[in-house]
Amino acid sequence: MNKEERRLKALSEIRKQIAQHGFHTYVVTGGGYPHFGYTIGLTESLGAELILAGSYFYRLDDVSKVIQNVRDTLSPPVDWNAARAETESWGTFSVHKVETSWAAALMLGAFDYYPGKSIEAYQIVPDEAHSTIDVPDLSQPWSPTHTPGWRWLNEAWAYPVPKDSVALTDLDVLRGARITEVMRWEEDQWEIFSGSGPEIPESERRVVPLGILLETDESLVQAVDLRVGTGFWRDEDSEWNPWI
């Protein structure tokens, strides 16, 4: 199957999902930047599409569920300037209009489904309790320094490790807590925690693109030079020390 055949097959599946459920959710992961999900097909019923960008409080498998729950709270005609979504399982969300440069970069499937059309989109923004450092403000034009991890959408990867490198981290780090432990286990895999790794419960662990964390803490850049199987820890004076 060539590229065009794959594209036509994908469009056929999208049409099928829209016919059955009212919209299709497209979830994107990999590539060295944060995961995100967006809808295709709500233009007809709500006049706009929805997108959840980053938000690593929610696991990858939860992205489509969050979008579905937010969609379920919205009824046409939607007053987008005042819209809020209170969900039972995922928190409370506001919605912000997505600026054109972000829509063009992230919602390729929607533009392919609606060729030649201008698509209006709104970002699903989690409340403070569910927010993480990787959530961009899509209402502002894209910028390389906009939000950690997103610059690689439009810029060349700048580090001497694979672009799709990942780190196992914890929710405290993703809320901005001080990083204290770093280990490199594979050429493209790290563990980066705000405390003792073994003591962090599974429910608090997340796998994220390494680029998010490298841009959050400049002192962490030296982690890319670690040999596999080595690491360092940070003392109370914020000095990094090698694991012995």
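For this structure, a couple of remarks:
- For Asp134, the residues whose amide H sits under 5 Å from its own are Ser55, Tyr56, ignoring neighbours fewer than 5 places away on the same chain, with H placed 1.01 Å from N.
- Structure-based [θ]222 nm, the chain - -39500 (n - 2.57) summed over DSSP H runs of at least 4, per residue, nearest 500: -6500 deg cm²/dmol
- Straightening the chain between Ala10 and Ser89 buys 25.4 nm, computed as 0.36 nm per residue apart minus the Cα-Cα spacing.
- Local net charge near Pro201, Cβ-Cβ under 13 Å (Lys/Arg +1, Asp/Glu -1): -3
- Reachable aspartates and glutamates from Lys163, criterion Cα separation under 14 angstrom, eight or more residues apart if same chain: Glu155, Glu186, Glu187, Asp188, Glu215
- Over segment 3-146, the Kirkwood radius and the radius of gyration, each from Cα atoms, give a ratio Rg/Rh of 0.94.
- Only Lys, Arg (+1) and Asp, Glu (-1) charged, at Cβ; the chain dipole about Cα centre in debye: 1140 debye
- Asn2/Glu202 FRET efficiency (R0 45 Å; Cβ-Cβ; nearest 0.05): 0.60
- Its residue count N fixes a reference of 2.2 N^0.38 Å for the chain, and the Cα radius of gyration divided by that reference is 1.09.
- Inter-probe distance in nm under a simple model that places probes 7 Å from Cα toward Cβ, at Ala104 and Asp127: 3.6 nm
- Taking 7 Å steps out from each Cα toward its Cβ at Arg175 and Ile244 produces label points 3.4 nm apart.
- Rounded to 10°, Cα long-axis angle of helix 3-21 versus longest principal axis of the chain: 70 degrees
- Relative to its residue count, segment 169-234 spans a Cα convex hull of 79 Å³ per residue.
- Taking 0.36 nm per residue of separation and subtracting the current Cα-Cα distance, fully stretching the chain between Lys117 and Glu44 would add 25.0 nm.
Every number here is computed from the coordinates shown, using simple stated rules; none is lab data. As the structure is a prediction and not an experimental result, all values here were calculated from the model. Positions of Cβ are generated from backbone atoms using ideal geometry, with glycine treated the same way; all protein chains shown enter the neighbour counts.
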